[in-house]
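Below: the structure, in structure tokens.
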Amino acid sequence: METHEINNRFLTFFENSGHSRVPSASLILDDPNLLFVNAGMVQFKPYFLGEVPPPYPRATSIQKCVRTGDIDEVGKTTRHNTFFQMAGNFSFGDYFKEGAIERAWELITSSQADGGFGFDPSRIWATVYEHDAETAGLWSRLTDLPAERIQYRDAEDNYWDMGVPGPGGPCSEIYYDRGPEYGREGGPAVDEDRYLEIWNLVFMQEIRGEVSPKQGGPVLGELPKKNIDTGMGVERVAYLLQGVENVYETDLVRPVIARAEEFSGHRYGANHIDDVRFRVIADHARSGVMLIGDGVNPGNEARGYVLRRLLRRIVRSMRLLGVHEPVLPEFAKVVRDAMAPSYPEISRDFDRISDVMRAEEEAFLATLTSGSRIFDMAAEETKRSGGGILAGDKAFQLHDTYGFPIDLTLEMASEQGLSVDEDGFRTLMQQQRERAKADAATRKSGHGDLSVYRQLLESGETEFLGYTELQAAAKVVGLLADGAPVRSVAEGGKAELVLDRTPFYAESGGQIADTGVLVGSGVELKVLDVQKIVPGLFVHRVEVVSGEVGVGTELTGSVDAHRRMAIERSHSATHLVHAAVRGAYGKRAAQAGSLNSPGRMRFDFTTAGAVSADVLTEVEEEVNEYLQTDVEVQSYVTTKDKALELGAIALFGEKYGNDVRVVDMGEYSRELCGGTHVDRIGQLGLVKLVGDASIGSGVHRVEALVGQDALRYVRKEQLLVSQLAGTLKVPTDELPARIEDVLTRLRNAEKEIEQLRTREVLGSAGSLADKAQDVHGVALVAERLAEGVDSGGVRALAAEVRNRLGSRPGVVALFAPAGDKVSFVVATTAAARDKGFAAGKLVSAFAAAVDGRGGGKPDLAQGGGGNPTGIEQAVKDLREALAG
Ligand code: SER
């Protein structure tokens, strides 16, 4: 059975029993605790917690998931995918254990002809949580499962939570026995390879704290209702139903392996080591495409780093299979063809996805090239010093600085007959990890314990009035100082303050937070920042200017309107620039980030190639031309599907729920956006692009000034130009030619001065030669020159003096002091060299006296030193060398 069909049957089965079909959420749902969505329940979390009333009592979904905690297991086991699909059914306070068990059993054991998966019931096992006899009883009562195939397991195995504080509960897992050829008898408790987990039923009923009940931590309390959260591993079911040996050989993954076979000429199935590489490639290629599809860009931190690591592991694995050419865009195509039937967005957005992969691969291949050079040098050095082991710190440097994975280093070392000090490498890696951990811990503590904020949410989300009001009365419903709840804060104190309603915009979607004041009877506060620390809760960072504020205090909030309007102009300008950039570069130019601050906007987007100045000029031209239409900016709330149908640009980091806000600026720009905007685009006045730069693989950044700020910028530039014109005494449009002319004349003059100086220096050659003194039959000219003759001049002069000494044995040594340095040149005549006086050797005889070093050929040598006061001593040493 094909994977798409498995998904289809699952959804249909649950739809037929009253579940609403809900599309997969983005892999990067806005949850401060999660890097990636890692389970079907994530998008429903607010419903479990009771933060938001569920729009339906039951739901079913196929959720895109990424888990990279076991990345090193990928390809080695039968069942570890970094990207996988989780099929789930959910009940929000509706049915509980009974409904979940009955339904799961029916779907897996019904025959395929009846729409089920047709698993042989005699091969099914179930596990239950050790204190949960109720569930074991239900399995016996509701299904044909005999008691000996129901096993009790401890919290480690049969308690489920998100890995962070939040909802959780005991679970019951369903296993399939692959048969005696795959391992030992005894059920899942004995062997999880032979007995493969296919479905997890979680009885979501409580809240866990910092320490998971899996590790013996306490349960903090009950959820408002008893819920069901199940997750069936689609890839695992696929591999069982498709009669293959592991998740990598299923219909949606295997095609990448086939493509990699074509590229490499190696055959999958020939040997274990290569097979692991093939599977890594296939798994990671899919994860890469899906992550980029949801808006992740390769980078050095957090999500971007995970993506980068996945993509680099593909390139590295291909290299180990002998392929050095770019491969990622080709693999991306194969993934697209496999995945698009379930995830059409991959097709729609394919050009961009492919561009991001290409850019990252090119960057990494360049890295590999420079890293290979460093590797070769290190290998050479190791061999030269007679060793056979490449040092651990070299391997670490290759890894740390050049992104060289250790197994690539190992492989390359073994090609050269070397081994690597892996222990040394690992020690250094461990030290680095600890440093990183310490860093992360410091960062985290800055945010305090999120549970405090979650508790505040219990009395409801903050009502945001700022789309229409800049001033509003409100009541303090929460007050924190240093991350802990307090009753009041007095004059001079700082606090975090939550209101029941607020006109202040909290930073999000690139729009920075509002500032302003909160005033009540006898109390005044300054609002410094506003953040939504947990979704729905606006936390105002305030300073108490006078009086005292407490929970319950009534205040009137006034947003700094002037500043807000400048921010709005920037934000609206960002939408227009975005639209224009997409017009110029096509849909593949996707927004990768933005910042809207008063009067200034920044917009990052991804493109494959370079961005030309001409195109940016056109973008600027187009945006400003469109401003003249002065269209009204309209915003409205609609469903996600409707918005996409209308062609709205949807950005990542989507919010929970199905309702979205759309902002239109005529037909020109339509985006999902929660920010605030001007009423009519004419209010922008002027949008002036002031700079653009590339900020890493495929990402480009443009900055622009808006409104009065744009005008000021233009005026400043204009003033600068007219000042220059005044100084150079030409009309402004003749400036470039005049500056060019002035620069040419300056360069010529400099050249002339240099020639004159050289001539002058050389002019002294005759008188210097006349000063020659005889030292044991050698004519010696040893002189200190005037300050500041450059080393070229000294050399020319020394050669000229030597010429004047003619056929005599002669040595010329000239010292040119410059500040606290001195450069020197020694030249010898042929006759002196015949007597055994080589310039290079003579330098060694005196260099120490000027704290210097130098060297060269027998006829001419030069050097420099740090002690001009030693020149006399140097001359003495030279004389002695000639005499001895
Ligand atoms: N949340 C559970 C899991 O991820 C069941 O969906 O396994």
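The values are calculated or read from the model by the stated rules, or taken from the named source; none is laboratory data. This one's a predicted model, so the numbers in the text were calculated from it and none came from an experiment. Backbone-built Cβ (ideal geometry, glycine too); neighbour counts: all protein chains shown. Heavy atoms of the whole protein, side chains included, go into the accessibility calculation; ligands, DNA and RNA do not. Shrake-Rupley method; radii C 1.70, N 1.55, O 1.52, S 1.80 Å.
Against the chain, whose longest principal axis is taken from its Cα atoms, helix 133-142 shows a tilt of about 60°.
Normalising the average separation of contacting C-alpha pairs (under 8 angstrom, six or more residues apart) by the number of residues puts the relative contact order of region 36-145 at 21 percent. Remark: relative contact order (the chain) = 6 percent; criterion is Cα-Cα distance under 8 angstrom and separation of 6 or more residues.
Look at the dipole of the chain built from charges on Cβ: of PRO167, VAL306, GLY478, the Cα furthest out on the positive end belongs to VAL306.
For the residue pairs LYS45/LYS97; LYS475/LYS532; LYS45/LYS532; LYS751/LYS771, alpha carbon separations beyond 22 Å are given by LYS751/LYS771. For region 280-402, the share of accessible area belonging to carbon and sulfur comes to 47 percent (1.4 Å probe, ligands and nucleic acids excluded). One compactness figure for region 4-107 is 1.15, namely its Cα radius of gyration divided by 2.2 N^0.38 Å. In this Cβ point-charge picture (+1 for Lys and Arg, -1 for Asp and Glu), the chain has a dipole of about 2800 debye about its Cα centre. In straight-distance terms, cross-link reach from LYS876 covers every one of the aspartates and glutamates whose alpha-carbon lies under 16 Å from its own, apart from those fewer than eight places away in the same chain; here that gives ASP774, GLU783, ASP851. Working note: Cα atoms of region 173-257, range along each principal axis, descending, whole Å: 46, 31, 21. Note on LYS716 and THR77: the model spin-label points, each 7 Å out from Cα along the C-beta direction, lie 5.8 nm apart.
Quick one: with all protein chains in place, what share of the accessible area of region 11-53 is carbon or sulfur, to the nearest percent (1.4 Å probe)? Result for region 11-53: 50 percent of the exposed heavy-atom area is carbon or sulfur. Shape index of region 717-769: Rg/Rh, with Rg the Cα radius of gyration and Rh the Kirkwood radius from the inverse mean 1/r over Cα pairs, equals 1.38. Along the axis of the charge dipole computed for the chain (Cβ charges of +1 for Lys and Arg, -1 for Asp and Glu, origin at the Cα centre), the listed residues ALA513, ALA881, THR60 are led at the positive end by ALA881. Computed from the C-beta positions of ASN300 and THR869 and an R0 of 56 Å, the FRET efficiency is 0.65 to the nearest 0.05. Its DSSP H runs of at least 4 residues, each contributing -39,500 (n - 2.57), put the calculated 222 nm mean residue ellipticity of the chain at -12500 deg cm²/dmol, to the nearest 500. Computed log10 I(q)/I(0) for region 312-467 at 0.17 Å⁻¹: -1.00, from the Debye equation with unit scatterers placed on every C-alpha and solvent omitted.
Remark: C-alpha extents of region 773-816 on the principal axes read 32, 16, 10 Å, sorted largest to smallest. Restriction of the GluC sites (Glu not before Pro) in region 760-829 to DSSP coil positions whose beta-carbon has at most 10 other beta-carbons within 10 angstrom yields GLU787. Over region 546-676, the Kirkwood radius and the radius of gyration, each from Cα atoms, give a ratio Rg/Rh of 1.06. Modelled label positions at LYS876 and SER612, each set 7 Å beyond Cα in the direction of Cβ, lie 7.1 nm from each other. Under 5 Å between amide hydrogens, built in the peptide plane, is the criterion, and for ARG208 it picks out GLY166, GLY168, LEU220 among residues at least 5 positions away or on other chains.
The long axis of helix 302-320 is offset from the longest Cα principal axis of the chain by roughly 70 degrees. Expressed as an acute angle from 0 to 90° and rounded to the nearest 10, what is the orientation of the C-alpha long axis of helix 392-402 relative to the principal long axis of the chain? That helix lies at roughly 80 degrees to the long axis. Bridges between two residues of the chain, per DSSP, are antiparallel at a rate of about 85%.
If you average 1/r over all unlike Cα pairs in region 797-870 and invert the result, what Kirkwood radius do you get in angstrom? It is 12.1 Å. Only lysines eight or more places from LYS333 in sequence, or on another chain, were considered; those with a Cα closer than 20 Å are LYS64, LYS587.
Under the combined filter of DSSP loop state and at most 16 neighbouring Cβ atoms within 10 Å, region 464-524 retains these chymotrypsin sites (Phe, Trp or Tyr not before Pro): TYR467. Given +1 at the Cβ of Lys and Arg, -1 at the Cβ of Asp and Glu and no other charges, the dipole of region 740-841 around its Cα centre is 480 debye to the nearest 20. The value of relative contact order for region 123-192, using C-alpha pairs under 8 Å at least six residues apart, is 40 percent. By the Kirkwood approach, averaging reciprocal distances over each pair of separate Cα atoms, the chain gets a hydrodynamic radius of 33.5 Å.
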